[in-house]
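Colleague: Below you'll find the structure I mean.
Where a number appears in this text, it was derived from the coordinates with a stated rule and is not lab data. This structure is a prediction, so every number in the text was calculated from the model and none was measured. Glycine also receives a Cβ, built like all others from the backbone with ideal geometry; neighbour counts cover every protein chain displayed.
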C-alpha cells in the first residue's frame, strides 16, 4: 500500500506506507502490545471522533458515506485514513481472529481413523485426515500386530489380544508371539504362526477353528463371502479362499515373486516390493507408490493401511479415486518413567 502524494490519498500497490500515513500507523497500529484488539479500537475511535469535532464535517462525511464514495478521507494526525482502508483493516483482523479460532477447534474435532503401531511398538489412536494426522497418547505397549475396521480395533501383544470397540475394551489371553488379524463386522479371524492355528475372536472370547493351511500365512481377510488367505509356497504368494489348500480351495490369484509384506483388505490387496507399495484394485489393475524397504503392513482403519519401513511410517489411503501415500507422525520416544507400569 502506498500514498499518492499528487492526490493526497491512498493507492494500491506494493511497498510500504509513505510519509503521510506513517506517524498514524506507527503510533496507533503498533501501540499497546498488551492487547491485540486495542489498535482496532483506536483506529475506529480516532477516525470517527475527529469527524464529530465539526458538525459540517460530520454532515458532509455522512452524505458521502451514504453515497458510497470510495474517496472519502478523514485527516488524522497528519495522515489520511480512507473508509475503504478502515473497512479492509477491520475485515482482515476479523478473518485472522476467526481463522485462529477455527484452527484451535479443528484439533478438537479430528475424525478418528483407527490405530497405528509406532517405532517403539506402542499402540496409538490416529485421528485427522489424509496429510494431517494426529497420533494420540499410547494405549498399549509391546504390540506386535493390529487391525481396525468399522467399530472394532484388535491388537496382539506377546500373550494377549487387546480389543477396543464402540462399547468397551477387553483383554483376552492368546497364544504367544505375533498374529495375522482380519477384523470383520462381528469379530475377527486370527492366525497364530507360533502354533500354526486359526482362531475366532468375538466379544472378548477366543475359540479355535478347525482349519489348516499348507505354507506360510502372510495375511487374512474375513468378509461376508468367507475367509481369504495370502499364503506363500515355494517363493510364490497365492491368494486362496476356504481352507487354503490348492486342491480343495479356490485360487483367486497370485503375486509377483518380488512381493514381500502382504495385506488383504476388502476386495483389494496391498503388497510391498523392494522399492514400492502396490495397491491391486478389484479389476486387477495396480497402483504403485514409491516406498522402499516396507517390511510390515497393518489395517490402520477403514480406507487406510499402515506401512512400516524402518524409521518411516506410512499411511496408504485406499479409498477409490483418492488413493494416496502419506507419512504418519512419529512421536518422540517415551522415557522409561513415562511407560506404563
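Colleague: Within a 10 angstrom radius of the beta carbon, how do 236, 229, 152 rank from fewest other beta carbons to most?
Modeller: Sorted ascending by nearby Cβ count, the order is 236, 152, 229.
Colleague: Between residue 302 and residue 332, 0.36 nm times their residue separation minus their Cα-Cα distance comes to what?
Modeller: 8.2 nm
Colleague: Rank these for me by crowding, 151, 157, going from fewest to most other beta carbons within 10 Å.
Modeller: Taking fewest neighbouring Cβ atoms as first place, the list is 151, 157.
Colleague: Sticking with this structure for a sec: Applying 1/(1 + (r/R0)^6) with R0 = 41 Å to the Cβ-Cβ distance of residue 234 and residue 151, what FRET efficiency is obtained, to the nearest 0.05? Don't jump to the answer; show the numbers that get you there.
Modeller: Values: r = 39 Å, r/R0 = 0.96.
Plugging the Cβ-Cβ distance into 1/(1 + (r/R0)^6) gives 0.55.
Colleague: Which FRET efficiency value, to the nearest 0.05, is calculated for residue 319 and residue 171 with the Förster distance at 30 angstrom and r the Cβ-Cβ distance?
Modeller: The pair residue 319/residue 171 has a calculated efficiency of 0.40.
Colleague: Follow-up. With each pseudo-label sitting 7 Å past Cα toward Cβ, what's the residue 129-residue 224 distance in nm, one decimal?
Modeller: 2.9
Colleague: Sort 233, 317 by Cβ crowding within 10 Å, fewest neighbours at the top.
Modeller: Working: 233 15, 317 19.
In increasing order of surrounding Cβ atoms, one gets 233, 317.
Colleague: Another question, then. Say a paramagnetic label sat at a point 7 Å from the Cα of residue 120, along Cα to Cβ; which residues of segment 130-166 have their backbone N under 16 Å from it?
Modeller: 135-144
Colleague: Using Cα pairs under 8 angstrom and six or more residues apart, how large is the relative contact order of segment 112-338, in percent?
Modeller: Values: 568 pairs, mean separation 29.4, N = 227.
Normalised by residue count, the contact order of segment 112-338 is 13 percent.
Colleague: Next question, about the same structure. For labels at residue 205 and residue 141 in the simple 7 Å Cα→Cβ model, what's the distance in nm?
Modeller: 3.4
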